[in-house]
Structure formats: C-alpha cells, structure tokens
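Encoded as structure tokens, the structure appears first; notes follow it.
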Amino acid sequence: MSSGFEIAFLGTGGGRFATITQKRRTAGIRIIGEGLNLHLDPGPGALVHSINEGLDPQKLNAVFVSHCHPDHYTDAEVLIEAMTRGTTKKQMPEQRIEALPNMNFQIGDVNVLVTEARHTDPDAVGFRFETPEFGDFAYTSDTEYFEGISKYYEGVRLLLLCVMRPAGKPWKGHMTTNDAIKIVEATHPEKTVLTHLGMQMIFKGPNQEAKLIEEKTGVPTVAATDGMLINFEETIRVQTGRKTEQGLNKYF
Ligand SMILES: [Zn+2]
Ligand SMILES: [Zn+2]
C-alpha cells in the first residue's frame with residue numbers, strides 16, 4: 001500500500017505579466033510519490049522555490065515541460081543538471097521523451113497519458129497521471145477550450161486547470177473561468193484546482209472565480225496559492241500555508 005502522492009504548488013502564476021512582476025510565483029508544480037519525484041513546468045524561480053520549500057532538486061527523477069513558453073521552462077535546464085547531480089553521477093538523463101498527444105509512457109508505477117492542448121505554441125500538451133491505487137489526476141497546461149478537450153479528462157479524480165483569465169475575458173490560446181466550467185461540467189472530478197493564474201485573474205480574485213465554478217458545477221473547486229499542497233490518496237486533501245515539511249519530509 002503506497003502513501004499516495006503529494007502535489008506541491010511551488011508557483012501559481014502564469015503569463016508574462018505575472019512572470020515579470022512575480023505577483024504570483026512561476027516555479028511550477030512538484031509531484032512526489034512512490035517512485036516518482038517530478039517537476040512539472042519549471043518556470044522562473046523553480047530552483048529557488050524548490051530549495052526554499054525543502055524539496056531537494058537532486059531527488060528529482062523527471063522534469064516535464066508542457067511547452068516552450070518561458071513561464072513553463074526557463075528553469076528546466078538547471079533542474080536537469082540537479083537531477084543528474086551536476087552530471088557527475090550520470091552524464092545525461094536516462095531517457096528523453098518527446099511528448100505528443102495520445103502517447104503513453106511510464107514513470108515508476110504511474111502511467112502518463114499525454115493530452116492535447118491548443119495554444120499559441122502548437123507543440124503544447126497536457127498530462128494525465130494514472131496511478132494504480134488512487135486513480136487519476138491531470139494538468140491541462142495552457143490551452144484554449146476546444147470540442148473534445150473533456151474526453152482527455154473523463155474519470156479523473158483531481159483536475160488541475162490552467163485558467164489564465166477570469167470569466168468574460170477570453171484570450172486566444174487560453175482558458176477562462178467560463179471554459180473551465182464547461183470542462184468541469186463534462187468531466188465532474190472530485191476536486192478542481194485553478195492554477196497558472198494571469199494578472200487579470202489575480203486582480204479579479206481567483207477565489208471568487210473558483211466559487212463561481214463550484215456553484216455552477218457542484219464540484220469542489222479551489223484556486224491554488226503559492227506553497228499549497230495537495231495530498232492525493234483515498235481522499236484529496238488541500239493544505240494551504242507555507243510550511244509543507246510535515247507532509248514532504250517523509251521522502252527525504
Ligand atoms: Zn503559460
Ligand atoms: Zn504558454
């Protein structure tokens with residue numbers, strides 16, 4: 001019986017203005033569980049905030065980059081260097097995978113399904129993590145709403161949506177609260193988390209947008225905050241606040 005997965009939101013900001021002002025951090029998401037220590041979308045600050053949160057980047061066994069925009073990849077290189085122990089232990093990562101929609105690969109016991117995203121970077125993808133014991137969670141990455149997007153996320157227990165814009169403020173290649181409602185209505189996960197929040201979203205109030213989604217869909221929805229931690233096991237528990245060591249320490 002494994003102890004499940006911990007999903008640490010090292011950063012919850014998205015888009016160029018949130019990035020250059022660091023109104024929200026842009027450090028991406030760390031996912032840790034049995035056989036898995038993964039950094040997802042390491043934007044600017046990923047290295048520094050990993051270390052500040054007590055998450056040693058030398059313990060990583062995977063770095064995922066959903067697409068080639070600075071808020072998703074700038075710290076990837078240095079995290080890969082940490083993962084390979086400054087290339088002293090191993091010269092190169094053991095495996096390099098070019099993620100294409102609908103492809104599957106395995107990390108530890110987790111099957112990763114690459115999901116389709118439609119974004120200004122045509123190579124953008126999302127990821128669905130299929131765990132043997134606790135079901136699935138998924139991350140959409142930057143995408144606009146499109147016919148058929150929901151089928152990639154059917155049956156997930158936890159859905160992490162990159163909702164850059166608030167309701168009524170559409171922007172090509174990105175998701176608004178209205179789009180999030182459509183996906184949550186179609187997939188009905190146990191819990192939804194909004195992250196990768198853009199400047200307009202931050203000023204509008206992400207909690208209010210999360211509440212709107214929850215009211216429309218009946219699905220418990222939270223807006224992620226920097227340092228937030230989710231325990232994904234039989235239950236899905238959200239811990240906010242800075243100190244996450246208690247949960248994370250068992251991996252070190
Ligand atoms: Zn982005
Ligand atoms: Zn992008």
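The values are calculated or read from the model by the stated rules, or taken from the named source; none is laboratory data. Note that this is a predicted model, so its numbers are computed, not measured. With ideal geometry, Cβ positions are generated from the backbone for all residues, glycine too; neighbour counts draw on all protein chains shown. When the accessible area is computed, the model is the full protein with side chains, heavy atoms only, and any ligands, DNA or RNA have been set aside. Shrake-Rupley method; radii C 1.70, N 1.55, O 1.52, S 1.80 Å.
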Pairs with Cβ under 9 Å, 6+ apart, first in segment 145-167 and hydroxyl-bearing (Ser, Thr, Tyr), second in a helix (DSSP H, G or I) and within 16 Å of ligand 1 (Cβ to nearest atom): TYR145/ASP179; TYR145/ALA180
Of all residues in segment 140-169, how many are under 18 Å from GLY15 (Cβ atoms), out of contact with any Asp or Glu (no Cβ under 8 Å at 6 or more places or on another chain) and away from ligand 1 (no atom under 12 Å from the Cβ)? 4
Name the residue that is nearest to ASN61 (Cα to Cα), counting only residues in segment 40-49 that are among the hydrophobic types (A, V, I, L, M, F, W, C) and open to solvent by 10 Å² or more (accessible area, probe 1.4 Å). LEU47
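Take ILE31 and decide whether it is under 24 Å from VAL238 (Cα atoms) and either out of contact with any helix residue (DSSP H, G or I) (no Cβ under 9 Å at 6 or more places or on another chain) or part of a loop (DSSP other than H, G, I, E, B) (or both). Show your work before the answer.
Numbers: under 24 Å from VAL238 (Cα atoms): yes; either out of contact with any helix residue (DSSP H, G or I) (no Cβ under 9 Å at 6 or more places or on another chain) or part of a loop (DSSP other than H, G, I, E, B) (or both): yes.
Against the criterion (under 24 Å from VAL238 (Cα atoms) and either out of contact with any helix residue (DSSP H, G or I) (no Cβ under 9 Å at 6 or more places or on another chain) or part of a loop (DSSP other than H, G, I, E, B) (or both)), ILE31 qualifies.
What's the total number of residues in segment 47-89 that are free of Cβ contacts under 8 Å to residues at least 12 places away in the same chain, part of a helix (DSSP H, G or I) and over 16 Å from ILE32 (Cα atoms)? Break it down into steps so the answer makes sense when it comes.
Initially, segment 47-89 is screened for residues free of Cβ contacts under 8 Å to residues at least 12 places away in the same chain, giving 51-52, 77, 81, 84, 86-89.
Checking the rest, the ones that are also part of a helix (DSSP H, G or I) come to 51-52, 77, 81, 86-87.
Restricting the remaining residues to those that are over 16 Å from ILE32 (Cα atoms) gives 52, 77, 81, 86-87.
So the count comes out to 5.
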For residues in segment 1-39 being more than 15 Å from the chain's Cα centre (by Cα) and within 15 Å of ligand 1 (Cβ to nearest atom), which is most open to solvent (accessible area, probe 1.4 Å)? ARG16
Looking at segment 99-143, which of its residues are open to solvent by less than 30 Å² (accessible area, probe 1.4 Å), in a loop (DSSP other than H, G, I, E, B) and not charged (D, E, K, R)? ALA99, ALA117, HIS119, ALA124, PHE134, THR140, SER141, THR143
Single match in ALA180, ALA186, ALA210, ALA223 (criterion: out of contact with any His (no Cβ under 8 Å at 6 or more places or on another chain), small (Gly, Ala, Ser), at pLDDT 95 or above and surrounded by fewer than 17 Cβ atoms within 10 Å (Cβ to Cβ)): ALA186
Would you mind telling me which numbered condition in (1) within 15 Å of ligand 2 (Cβ to nearest atom); (2) at pLDDT below 95 ASP109 fails? (1)
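Looking for something on the phi > 0 side of the Ramachandran plot, within 17 Å of the chain's Cα centre (by Cα) and of a type in the set (S, T, N, Q) - is there at least one such residue anywhere in segment 104-121?
Taking segment 104-121 first, the residues on the phi > 0 side of the Ramachandran plot are 108.
Now narrow it down to the ones that are within 17 Å of the chain's Cα centre (by Cα): none.
No: zero hits.
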